[in-house]
Amino acid sequence: MKINKLITAAFVILTICSACGDSDKLGQETPLAPPYALPERGESEAGDRIIDFFEKYSTFLLYDFTQADFQWETVSSGLKYEAVYGNTEYLGDMINFLDDVWLDFYSDKFKQKNFPFKIYLMDSIAQRPRFEGQPTTYHKALVRDNALAIAGMNKDLKTMSTEDKKIFKDEINRNFITHLLNSEALRVPPEFYAVSDYTKFNDTWPIEPDISREYGYLPTLDNEYRYGSISEWATTAYQMMNAPVNDLKTYLQNMAMHGKDFPVLNDVPYTWDYYLQKNKDGIYRFPLIKQKYDILQNYFKEEFDIDFAAIGQKAY
């Protein structure tokens with residue numbers, strides 16, 4: 001996927017920077033138009049940053065696009081996703097915001113290799129209901145194919161609360177992790193998958209949360225901010241036996257979305273302090289969680305210069 005992105009980006013640069021001036025018997029050749037237009041350099045500071053971003057990462061930051069280009073519909077549910085366009089007055093503020101809640105957590109080398117081809121910037125991402133009478137849902141970030149969509153480009157950037165900023169940070173990084181796993185950009189040491197027995201609960205579901213913890217599983221966070229709660233029963237060996245990558249996804253999202261302020265569910269503090277707590281004898285209550293946590297934290301810092309725990313602990 002990254003190779004295709006680089007080929008397309010190289011094509012865009014060539015079509016922008018050069019024109020085919022050679023003539024032949026058929027007449028003057030006409031350069032092909034790039035898939036997306038870049039601003040004219042010098043028109044605005046924000047526009048120049050859009051150009052710099054593309055030249056550095058081969059990624060389009062799209063704020064002026066058609067609804068037809070962005071819009072998609074899920075076949076299974078019939079839900080339609082549409083863009084609510086952002087105010088370009090806040091484009092520079094939006095880029096600064098992305099630096100703070102997302103871009104600064106990853107090295108330039110990693111971003112150059114693994115960024116999506118398109119990043120849509122907009123006011124809101126509207127999920128239109130399938131049936132009449134259902135409310136429209138607005139998302140802060142979504143991933144689709146080789147693109148990310150990020151909301152928030154509006155006047156609220158100037159007055160955003162620390163709580164909302166954290167939620168944006170969590171949602172953007174959660175979706176970015178999904179993109180990285182979908183594109184198979186993250187290599188994982190096999191010892192991570194060797195810790196838990198994914199066939200243990202083939203015929204047993206659901207499993208009590210703490211029993212699931214004992215076998216090294218964490219709650220899934222995909223719908224945490226969509227529905228306002230953690231799905232404690234969702235991530236088990238039953239779900240992951242045919243797709244262990246779901247276990248990796250759950251760990252990375254937990255690490256990137258939460259530090260010590262992990263949400264409390266039903267008066268039980270499912271925090272990293274809870275997951276990594278020690279018994280009176282000094283032994284970890286959930287040693288498999290500790291083992292898998294350490295494998296991922298150490299591996300991604302050494303191999304990719306990504307500190308997922310630091311992303312989760314980032315305070316505003």
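Numbers at a glance
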read-out	value
Rounded percent of accessible protein surface that carbon and sulfur make up, the range 95-141, 1.4 Å probe	43
Efficiency of FRET from Cβ geometry, Ile283 and Arg41, R₀ 51 Å, rounded to 0.05	0.25
3J(HN,Hα) from dihedral phi, the range 249-258, Karplus parametrisation 6.51/-1.76/1.60, rounded to Hz, x for glycine, proline	4, 5, 5, 5, 5, 4, 5, 7, 9, 9
Residues of the range 28-165: accessible area per residue with a 1.4 Å probe, Å²	52
Estimated D of the range 115-208 in µm² per second, where Rh is the Kirkwood radius over Cα pairs and Stokes-Einstein applies at 10 °C, 1.306 mPa s	96
Using θ = phi - 60° and Karplus 6.51 cos²θ - 1.76 cosθ + 1.60, couplings along the range 56-69 (whole Hz; Gly, Pro as x)	7, 10, 6, 10, 7, 8, 9, 10, 10, 9, 8, 4, 5, 6
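The values are calculated or read from the model by the stated rules, or taken from the named source; none is laboratory data. Values in this document were obtained by computation on a predicted structure and should not be read as measured data. Every residue, glycine as well, gets a Cβ built from its backbone with ideal geometry; the counts of neighbours run over all protein chains shown. Each accessible area value is taken on the protein alone, full model and side chains, heavy atoms only, with ligands, DNA and RNA left out. Shrake-Rupley method; radii C 1.70, N 1.55, O 1.52, S 1.80 Å.
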